[in-house]
Amino acid sequence: MDARLRRVNKEIADCKNDKQSSVTIDLVDESPFHLIGSFDGPEGTPYEGGRFQVDIVIPDNYPFQPVKMKFITKVYHPNVSSASGAICLDILKDAWSPVLTLKSTLISLQSLLCSPEPRDPQDAEVAKHYMTSKSSFEDTARYWTMIYAGGPGKEGLGKGAKGGPRDEIAMAGLDRAHVAQFEALGFDRAKVIDVLRRLNYRGANVANINDDRVVEELLK
Amino acid sequence: MSSDYEISDDENYSYEEEEEEDEMEVEDYDDGSASEIEVDGIGDDFKVPGGSERKVYEVDYMSLSQPDVEKIMATDVNYISGIFGVEPAVAAQLLRHMNWNKEKLTDKYMDNASQVSVAAGVDLPPREPTPPPPKASSSRQSSTGPTRTARRSVAETSKTSKSTKRVASPAAGVQSFVCPICFDDSQTETMALMCEHRFCSSCWKEYITSKVRTEAECTITCMAEDCNIVALDPFVKKALTDDMETWERYQELLVRQFVSCIPHLKFCPYPSCTNTVSCVSAATKSSLLTMVPIVACSIPTHVFCFGCPIDADHRPVICAVAKMWLQKCRDDSETANWIKSNTKECSKCQSTIEKNGGCNHMTCKKCKYEFCWVCMGPWSEHGTSWYSCNRYDEKASVDARDAQARSRASLERYLHYYNRWANHEQSAKLSMELYAKTEKKMEEMQITSELTWIQVQFMKKAVDVVFKCRMTLKWTYAMAYYLSLGNEKELFEDNQRDLERAVEELSELIEAPIDPETIMALRQKVTDKTVYVQKRNEIMLEDTAKGYLDGRWSWNATVDGL
């Protein structure tokens, strides 16, 4: 049998048998080379309580080349692209070793959530946020965990949010001016926040979401 | 003594800056002095007086094949192996780790042999008294440090016997071995480096093949996580078994790594060429300010510059200026052309303005200055004759146009040089195309007329010379653009003009219709002209080369390294 297939099958089976760990690996379709991994957000972090899904692609010469992983769940983290889910982690690149497994790599991702490295960011905007105001960053990360990763509801949020809609803007990672700009066009604030968040709007950002696009979305 | 040894920053060592010039067995391959050979042999017709000696614009160099380089490497390895008393394979890895700087390696090794060996991956790190117990579960790992390596040490290392010591010993007869990589328990052949991280042979083979072929990596570390032990050559060879192709690629990578470490060696940049050129005189950055080290490997068409990444002859311009010029061309040419034909500058704030419709009453968006697009004068002076501009000589508009002209001058100047530069390139290409057609005709003529093969070769020679000289001319325009005004530049431009005129005349001759009646006369004319053009080219190159040595050229821009 093909060594790669045997290895991946064994890894999937091992992961199934391990009932203690929170890490799971599931098939997307028939192929064992395209998988979805998921794990719990680590305790004591803004990601606590969330469940994070990772897209896994097994390359042809796995395990001699690293697996390709990216977050499916939106994560607010300096080393994860908030737009694409791309991950900046050494073991997914040059520090990969063939003895690493899917499970151990997922566990590494979990520990990446514990210890962000803003000096080597994947997402510069998020990293800047982290560097300038850690507590505000954590509020946003917690908020994202809640809305995208099924994290604890409003009661968990209560601690951070000190008063109504004002903080909602900050926590969705948005700029007050941007929200005000579209509110001025006569849209409801909650709706503006919802749309901007969904589009990952950051003013003149790399994704180049222009005002028309936002308005179009708001009118839907 | 300056040296531009590129040191890959290796955390464990602090390299001193004052390092001795590398004495890489220069005598081994330096005495051959195979200076560039004039590509003639076509007869005495083209003999330029004093052709055999090295010209001032040429450089001493030597082409080495891969086995030649391997021989030099072996000399170093044996030397280190001898004085350190280690296996040649270990010596080779130590040298690779130290970027083939023998002196530095010797110093460091004598100072602290084990530290160097560990860093180079040829020895295990000293065992720490009691390593902290690895964390069992990872669900609650508080951030302990900023390192983002996978914190879990995967404890699936070898469970097999620890009896076999030393490199590459296939542990035969090990019972129930499950390879931690392929999870295959039917494998009997296993291999491990000195770290005893044991894996099955087929995984080793795949791993090394993947490293060598897809990552072009010649330093192959153990497959276990965070293990720094390097697979030495005998191990690699053994693991690859009968895969000679990968083994050869591995050897080539080793040679490349060596060549990239030695300042006076450079790999031929032409695709799939494995030759190396040694050029001692161009090994330092400062030497590149006074010479243009154009070399070729043993394949004569593989011409490249030893000093910079331009894989063509860029004489007479030195690397730094050539680079500056190419950058400028890339950045500016198209833009400059467009600006020139589509825009004007506001006569007050010099903003560049494109008129995209409407009337001639322009208002500068930046400074709000109002002016007339046609005469460039202030709009206020148009008085009552709105929308019609008939006052060419109004003082204000004359002034405005003068200012415009001044600001355009630098653009014009650049385009002057650029257009000529590009033109020579284009013409050179065209002459090659023309030659392809002519060649056919010449062959026919050889059959129909009395001319011998050697006698119809004059066309080829002429086209080659035209091509070569156009390349020289091309680069003289880059040089002239950056030369400061003065007598020297004037003399330079005189030489340039003479060469250009001669080249154009020869070009014209080549394009003349060929006809059996007049061929002998044409042959004579072309041959004479070719000799003359060659001579002019020589004068051009010689004069510039001497100018560098005498420090005669002064530049109107800051040149890197000056």
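The values are calculated or read from the model by the stated rules, or taken from the named source; none is laboratory data. In this text, all values refer to a predicted model and were calculated from it rather than measured experimentally. When we count neighbours, we look across all protein chains shown, and the Cβ atoms used for this are built from the backbone with ideal geometry, even at glycine.
Here are a few things to note about the model shown:
- The residue list A:P46, A:P59 contains one member that is in a loop (DSSP other than H, G, I, E, B), farther than 29 Å from B:R198 by Cβ and at pLDDT 90 or above, which is A:P46.
- Residue selected from the range B:432-480 under the condition modelled with pLDDT of 85 or more, touching a Phe, Trp or Tyr at 6+ places or on another chain (Cβ under 7 Å) and within 30 Å of B:C329 (Cα to Cα), by the criterion surrounded by the fewest Cβ atoms within 10 Å (Cβ to Cβ): B:A480
- Of the listed requirements (1) farther than 20 Å from A:Y148 by Cβ; (2) at the interface with chain B (Cβ under 9 Å from one of its Cβ atoms); (3) buried (at least 16 other Cβ atoms within 10 Å of the Cβ), A:L92 misses just one: (2).
- Residue in the range A:68-87 that is in a loop (DSSP other than H, G, I, E, B), within 14 Å of another protein chain (Cβ to nearest Cβ) and closer than 30 Å to B:R198 by Cα present: no
- Only one of the listed residues (B:T219, B:T246, B:T214, B:T209) is within 10 Å of chain A (Cβ to nearest Cβ), among the hydroxyl-bearing types (S, T, Y) and closer than 30 Å to B:F306 by Cα. That residue is B:T214.
- Candidates B:A396, B:A405, B:A400, filtered to the one that is touching a strand residue (DSSP E or B) at 6+ places or on another chain (Cβ under 6 Å), within 30 Å of B:G377 (Cα to Cα) and either among the basic types (K, R) or in a helix (DSSP H, G or I) (or both): B:A396
- Which numbered condition A:V54 misses (of (1) touching a helix residue (DSSP H, G or I) at 6+ places or on another chain (Cβ under 9 Å); (2) away from chain B (no Cβ under 13 Å); (3) in a loop (DSSP other than H, G, I, E, B)): (3)
- Some residue of the range A:119-140 being surrounded by 21 or more Cβ atoms within 10 Å (Cβ to Cβ), within 14 Å of the chain's Cα centre (by Cα), at negative phi and facing chain B (nearest Cβ under 9 Å): no
- Residue check, B:S351 under 30 Å from B:D402 (Cβ atoms) and either surrounded by fewer than 20 Cβ atoms within 10 Å (Cβ to Cβ) or not assigned by TED's automatic domain parsing to the domain that holds B:W421 (or both): yes
- For the range B:60-108, a tally of residues being crowded, with 21+ Cβ neighbours inside 10 Å and aromatic (F, W, Y) returns 2.
- The range B:287-308 residues that are touching a residue at least 40 places away in the same chain (Cβ under 8 Å) and within 17 Å of B:E542 (Cα to Cα), paired with ones that are crowded, with 22+ Cβ neighbours inside 10 Å and of a type in the set (G, A, S) (beta carbon under 6 Å, 6 or more apart): B:L288/B:G307; B:P293/B:A282; B:P293/B:G307
- Flag for B:K529 being within 30 Å of B:Y435 (Cα to Cα), in a helix (DSSP H, G or I) and in contact (Cβ under 8 Å) with a residue 12 or more places away in the chain: yes
- So A:A127, is it assigned to a helix (DSSP H, G or I) and more than 30 Å from B:C179 (Cβ to Cβ): yes
- Residue within the range A:29-39 that is part of a loop (DSSP other than H, G, I, E, B), within 14 Å of chain B (Cβ to nearest Cβ), under 30 Å from A:T140 (Cα atoms) and modelled with pLDDT of 90 or more present: no
- Matching residues, the range B:181-207, being under 23 Å from B:P88 (Cα atoms) and free of Cβ contacts under 8 Å to residues at least 40 places away in the same chain: B:A192, B:E196, B:W204, B:K205
- Residue count for the range B:193-206 under the criterion of being hydrophobic (A, V, I, L, M, F, W, C), closer than 21 Å to B:A120 by Cα and within 13 Å of another protein chain (Cβ to nearest Cβ): the result is 2.
- If the condition is being aliphatic (A, V, I, L, M) and surrounded by fewer than 16 Cβ atoms within 10 Å (Cβ to Cβ), then the range A:39-71 contributes only A:V57.
- Hits in the range A:96-108 (condition: at the interface with another protein chain (Cβ under 9 Å from one of its Cβ atoms) and either farther than 25 Å from A:Q65 by Cβ or outside any loop (DSSP other than H, G, I, E, B) (or both)): A:S104, A:T105, A:I107, A:S108
- When B:R501 is tested against the conditions (1) closer than 19 Å to B:Y418 by Cβ; (2) part of a helix (DSSP H, G or I), the lone failure is (1).
- Any hit, the range B:473-494, residues being within 25 Å of B:Y435 (Cβ to Cβ), under 33 Å from the mean Cα position of the chain (by Cα) and among the acidic types (D, E): no
- Test: residue in the range A:101-114 that is at pLDDT below 90, within 26 Å of A:E11 (Cα to Cα) and not aliphatic (A, V, I, L, M): no
- Single residue of the range B:224-242 satisfying the filter (closer than 18 Å to B:Q93 by Cα and in a helix (DSSP H, G or I)) that is nearest to the other protein chains (Cβ to nearest Cβ): B:A239
- Every pair of residues 6+ apart whose Cβ atoms lie under 6 Å, when the first sits in the range B:482-501 and is farther than 24 Å from B:K323 by Cα while the second is part of a helix (DSSP H, G or I): B:D498/B:R536
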